[in-house]
Each structure stands twice: as C-alpha cells, then as structure tokens.
Amino acid sequence: MTAKIINGQEIAAEIQAEVQEAVEAMQAKYGYVPGLATVLVGEDPASSTYVRMKQKRCAEVGIRSIGHSLPADITQGDLEKVVADLNADPEVNGILVQLPLPSHLDEEAVLNSIDLGKDVDGFHPVNIGRLAMKGRDPLFIPCTPYGVMVLLEKSGTQISGAEAVVLGRSNIVGLPVAMLLQKANATVTICHSRTKDLAAHTRNADIVVAAIGRREMVTGDMLKPGSTVIDVGINQKEDPTKKRGYRLVGDVDFDSAKEVAGAITPVPRGVGPMTIAMLLKNTLHAADLALANN
Ligand code: NDP
C-alpha cells in the first residue's frame with residue numbers, strides 16, 4: 001500500500017486565500033486592516049529568515065506588518081517596554097516575539113507581558129492553560145499545533161476515538177498537539193526521550209505526530225498499517241547533489257513509512273507551510289476580536 005500524501009503546501013495556500021478574502025471584506029466593510037507586529041531580538045540568521053517569511057506572507061494577504069528589530073544586548077526592561085507599547089497600539093492586532101530570545105532575557109516574562117488578545121502565537125500561559133482545561137477554549141491556538149490539526153481534518157482522518165501517539169512534549173509543538181488531540185476526543189499517548197519502547201506505542205497508533213527533531217527516526221516497521229502520520233520535524237541530511245550540501249528531511253523515514261501508512265505529510269511541503277498560514281488566520285481572528293470590542 002502506498003499512502004496518500006497530505007499536501008501541506010496546497011492546504012496552506014487554501015487557508016491563505018481564505019484569510020486574504022476575509023481581510024479584503026474587513027477593509028471594505030469597516031475600513032480596518034489587521035496588523036501584525038514582529039519583534040526580532042539580535043541577528044540570528046534563522047530567526048531573521050522566519051520573520052522575513054512571516055512579513056512577506058502578511059503582505060500577500062493584505063495584513064500590515066510592523067517590524068521591530070532590536071539589538072541582541074537589549075535589556076529585559078527595554079524589551080518589555082516595546083511589548084507594552086505594542087499592547088497599547090490599536091493598530092496592532094497581533095504581537096509575535098520571535099523565539100528563541102538571547103539567553104540573558106527571561107522568555108517566560110516576555111511572553112507573559114503580551115496582551116492576551118494579541119497573543120497570536122498562542123504561547124501565553126493563560127492560552128495554554130485554557131487549552132489544557134475541559135470546557136475552555138484558548139483565544140488563540142499555537143500555530144504549528146493548529147496546522148497539525150487542520151492537516152488531520154483535511155486528510156479525512158477520524159480523530160474522535162482514535163489512538164493518537166505524539167512523539168515529543170515541547171511547549172511549542174508536542175504538548176499543545178497532545179492537548180488539542182484529546183480535546184478532539186482522541187486517546188492520547190505522549191512519548192519523549194525517556195520512553196522505553198517507542199515502537200510499541202507507535203505500532204498501536206491510528207495517528208502518529210512526530211515532533212522530536214531526530215532525523216528519519218520513525219520507520220515504516222514502527223507504524224500501524226493505514227495510520228495517518230504527521231511529520232513536524234525539520235532536520236538537515238547531507239546531500240552532495242544539493243548546492244547547499246544538504247536537504248531537509250523529517251523525523252519520519254518517508255520512503256519506508258509511506259508503504260505502511262494510510263496518509264502521510266512530506267518534508268518539506270507538509271507541516272512547515274501550515275505554521276505561517278495559521279499565524280495569518282490567528283492575526284485575522286485577533287482583528288475580529290478587536291473590532292467586536294469596539
Ligand atoms: P524540542 O527539542 O523542544 O523537543 C523535542 C522533544 O522530542 C522533547 O520532548 C524530547 O523529549 C523529545 N525527544 C528527543 N529525542 C527523542 C527520542 N530519541 N525519542 C523520543 N523522544 C525524543 O523540539 P521542538 O518541539 O521545538 O521541535 C521538534 C521538531 O519539530 C524539530 O525538528 C523542529 O525543527 C520541528 N519544528 C517544526 C516546525 C514547523 O513549522 N514545521 C515548528 C516547530 C518545530 P524530552 O522532553 O524528554 O527532552
């Protein structure tokens with residue numbers, strides 16, 4: 001059996017087109033344009049690239065982006081003052097502080113200082129708390145986990161009642177994915193670096209979400225036939241045929257996994273494009289909330 005390939009690039013483009021349409025409608029009806037502030041501290045090349053990509057995609061859908069590039073040696077107080085000013089600015093609907101921050105800064109305190117109604121990354125502890133609680137919903141769902149859930153839904157995967165195994169328990173991917181899956185009525189197992197026998201869990205899973213950052217660790221023989229596999233991992237693999245000397249691969253060994261799974265995301269063009277698409281959707285949602293409160 002060869003798995004259906006879940007095309008994240010196509011699904012992300014659909015979401016982006018929906019956001020663009022809604023932004024145009026908002027502008028026509030209320031004369032209001034959503035705004036996303038990006039806060040970049042220092043000049044880390046990967047972080048700078050991510051911020052540029054986010055700004056470019058904002059421009060494509062008509063969301064205004066307000067970029068703040070701050071020196072790497074900024075003090076905690078000065079950074080929190082920037083966030084406070086953005087909190088108070090009515091033209092800013094979403095605030096995205098690009099992580100990781102330089103080590104002298106208290107990341108948790110910075111995330112705590114973001115206005116809950118502008119927390120489009122969904123990392124505010126209150127948002128995460130609401131995600132964890134029965135009968136509560138967060139104002140914003142963290143972008144990559146949100147993208148994972150959309151890919152599962154669009155691939156037609158039955159989530160309610162399914163056995164789901166999440167590999168990884170980070171605050172930004174594994175843990176929120178697990179909480180979203182249990183909210184959607186899956187039976188969820190979370191595996192991590194101390195899990196004794198990963199394969200024993202994945203072999204029973206109808207859904208596997210891999211977010212461990214270990215290249216091609218999940219192989220076809222670890223999967224249940226017909227399962228849905230969402231590969232969040234982004235890892236470099238040496239490839240002398242490429243100009244840069246490597247290519248990107250996931251946490252799942254795609255070639256062996258696709259022979260066993262029922263549906264699978266590739267890397268690249270799987271989860272990756274979904275993260276920014278969901279950020280755009282969250283920013284639109286923040287603008288909707290701001291309009292509703294005025
Ligand atoms: P972290 O390093 O924060 O977390 C990795 C998790 O995997 C930890 O919970 C760790 O366990 C677990 N783990 C590590 N090694 C193993 C192992 N051998 N067996 C089982 N579990 C293991 O990573 P992130 O969550 O930030 O990212 C995970 C991957 O997803 C990375 O490849 C990252 O690049 C990618 N990513 C992709 C995004 C996208 O947009 N597509 C967005 C964000 C991340 P423990 O808790 O015990 O240490």
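Close Cβ contacts (under 9 Å, 6 or more residues apart or on different chains) running from residues in region 41-65 that are closer than 20 Å to Gln16 by Cα to residues that are acidic (Asp, Glu) and part of a loop (DSSP other than H, G, I, E, B) comprise Arg64/Glu91. Note on region 163-180: among residues that are more than 22 Å from Val120 (Cβ to Cβ) and crowded, with 20+ Cβ neighbours inside 10 Å, the one that is farthest from the ligand (Cβ to nearest atom) is Ala164. Quick one: is Arg64 touching a Leu at 6+ places or on another chain (Cβ under 9 Å), closer than 30 Å to Lys4 by Cβ and not hydrophobic (A, V, I, L, M, F, W, C)? Taking the combined requirement at face value, the residue does not satisfy it. Every test in (1) more than 25 Å from Asp137 (Cβ to Cβ); (2) modelled with pLDDT under 95 is passed by Leu99 save one, and that test is (1). The listed residues are Gly129, Gly161, and the only one of them that is in contact with a strand residue (DSSP E or B) (Cβ under 8 Å, 6 or more places away or on another chain) and either without any contact (Cβ under 8 Å) to a residue 24 or more places away in the chain or not charged (D, E, K, R) (or both) turns out to be Gly161. Just one of (1) within 17 Å of Thr75 (Cα to Cα); (2) within 16 Å of the ligand (Cβ to nearest atom); (3) not in a loop (DSSP other than H, G, I, E, B) fails for Asn112. It is (2). Listed conditions (1) more than 23 Å from Leu248 (Cβ to Cβ); (2) of a type outside the set (Asp, Glu); (3) within 16 Å of the ligand (Cβ to nearest atom) are all met by Gly135, apart from (3). The residues of region 184-241 that are within 11 Å of the ligand (Cβ to nearest atom), buried (at least 18 other Cβ atoms within 10 Å of the Cβ) and hydroxyl-bearing (Ser, Thr, Tyr) amount to a single one, Thr202.
Per the listing Val97, Val92, the residue uniquely under 18 Å from the mean Cα position of the chain (by Cα) and within 30 Å of Ala13 (Cβ to Cβ) is Val97.
The values are calculated or read from the model by the stated rules, or taken from the named source; none is laboratory data. What you see is a predicted model; the values in this text were computed from it and never measured. Please note: Cβ atoms are built from the backbone with ideal geometry, for glycine as well, and neighbour counts cover all protein chains shown.
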